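S.K.: Take a look at the following structure, please.
The values are calculated or read from the model by the stated rules, or taken from the named source; none is laboratory data. What you see is a predicted model, and the numbers here were worked out from it, not measured in a lab. Using ideal geometry, Cβ is built from the backbone for each residue, glycine included, and neighbour counts are taken over all protein chains shown. The area values use the complete protein model at the heavy-atom level, side chains included, leaving out ligands, DNA and RNA. Shrake-Rupley method; radii C 1.70, N 1.55, O 1.52, S 1.80 Å.
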Amino acid sequence: MQVVSEVGLILFCTHIRVVVAIALIVTAGATNAQVAAYKVVDDGIPQALTTASGDIARGRALVANRYQSMCLLCHQAPIAEEKFQGDISTNLAGAGARWSAAQLRLRIVDARRINPQSVMPAYHRIEGLNRVAKTSVGKPIFDAQQVEDVVAYLVSLR
Ligand code: HEC
């Protein structure tokens, strides 16, 4: 009985965290209302979304900021100063060894292009979303530069 209720509690907590993450995503708006044009090739976006290259330090700060990016609600990352990291998905350590920049870019821009069932938010998409707060309609979570900054950080995780 004890085991059953603990399993139930763990499932419940996981569910709540996904709901909280989605609620945060809906309320988080990026400053840039534009979505960059991009081309998907295989399972990646080979071309950077911006001409300025991504900044690893800015990308790390974004991933560390659970209010802005929410990454740490679901993932762990080698960011020791952030306690209470998520365990719904993978540890991002080594992401740059597992995936190319192109693959990482598509996962951040729109993870559902790879896995239609994914609970990972589409960080650079404004169409086809459910339950978007009125104030966030037309705004991606990350602007194009923020996508590139996060990709640069992930690529550096080897
Ligand atoms: C609501 C939960 C959630 C959030 C928030 C989230 N992810 Fe994910 N992510 C997942 C899941 C689940 C997967 C596993 C593949 C899938 O289902 O799409 C995944 C897969 C990944 C992968 C590929 C797997 C790996 O580790 O090699 C990367 C890289 C990644 N996420 C990075 C990020 C980054 C960076 C952020 C923040 C900008 C983020 N994720 C936010 C849930 C999330």
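S.K.: Please calculate the 1.4 Å probe accessible area of Thr51, with all protein chains present, and give it to the nearest 10 Å².
M.R.: Number for this one is 150 Å².
S.K.: Add +1 for every Lys or Arg and -1 for every Asp or Glu among the other residues with Cβ under 15 Å from the Cβ of Gly86, and state the total.
M.R.: +1
S.K.: Here's something else I'd like to know. How much accessible area per residue does region 39-115 have, counting only protein heavy atoms and a probe of 1.4 Å, in square angstrom?
M.R.: Dividing the accessible area of region 39-115 by its residue count gives 54 Å².
S.K.: Rounded to the nearest percent, how much of the accessible area of region 33-147 (1.4 Å probe, protein heavy atoms only) is carbon and sulfur?
M.R.: 53 percent
S.K.: When Lys and Arg each count +1 and Asp and Glu each count -1, what net charge do the other residues less than 10 Å away from Ala61, Cβ to Cβ, add up to? Mind dumping the intermediate values first?
M.R.: Details: positive: Arg58, Arg60; negative: Asp55, Asp149.
Within the 10 Å Cβ shell, the charges total 0.
S.K.: Just the number, please: Stokes-Einstein D of region 92-154 in µm²/s, Kirkwood Rh from C-alpha pairs, 20 °C, 1.002 mPa s.
M.R.: The Stokes-Einstein estimate is 173 µm²/s.
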